[in-house]
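Inspection log for the structure reproduced underneath, given as structure tokens.
The values are calculated or read from the model by the stated rules, or taken from the named source; none is laboratory data. Remember, predicted model here, so these are calculated numbers, not experimental data. Ideal geometry is used to build each Cβ from the backbone, glycine not excepted, and the neighbour counts take in all protein chains shown.
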Amino acid sequence: MKLQSLPLIMTTPSRAQLHVIVEKAPKARVPDLDKRKYLVPSDLTVGQFYFLIRKRIHLRPEDALFFFVNNTIPPTSATMGQLYEDNHEEDYFLYVAYSDESVYGK
């Protein structure tokens with residue numbers, strides 16, 4: 001189920017906040033997140049967001065975790081703002097799936 005969202009929330013003139021939904025991929029064998037909706041600064045990198053999600057699901061350093069946006073693994077150096085601009089849905093949310101496998105849905 002997709003929710004309706006405002007395109008961006010401005011908290012300060014230079015720092016937009018993005019609406020991101022994070023969901024476990026089908027057949028993933030990693031723990032569930034305690035929440036799935038996040039308000040993320042647009043200048044946060046995918047790598048930084050990845051680190052935050054790893055902490056929230058309490059993964060060990062040796063456990064693999066992959067992000068998927070539109071069935072593609074995003075570059076960790078990209079900002080969440082860039083990812084949002086290229087991939088947000090019509091409801092203005094960016095949907096990110098996570099899995100312990102590097103292939104979505106397998």
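Screening the candidates PHE93, PHE51 for the property of being surrounded by fewer than 17 Cβ atoms within 10 Å (Cβ to Cβ), aromatic (Phe, Trp, Tyr) and within 20 Å of ARG15 (Cβ to Cβ) yields one hit, PHE51.
Taken together, the residues in region 63-90 that are loosely packed, with under 12 Cβ neighbours inside 10 Å and hydroxyl-bearing (Ser, Thr, Tyr) amount to 2. When THR11 is tested against (1) assigned to a strand (DSSP E or B); (2) modelled with pLDDT of 95 or more; (3) in contact with a Pro (Cβ under 9 Å, 6 or more places away or on another chain), only condition (2) is not met.
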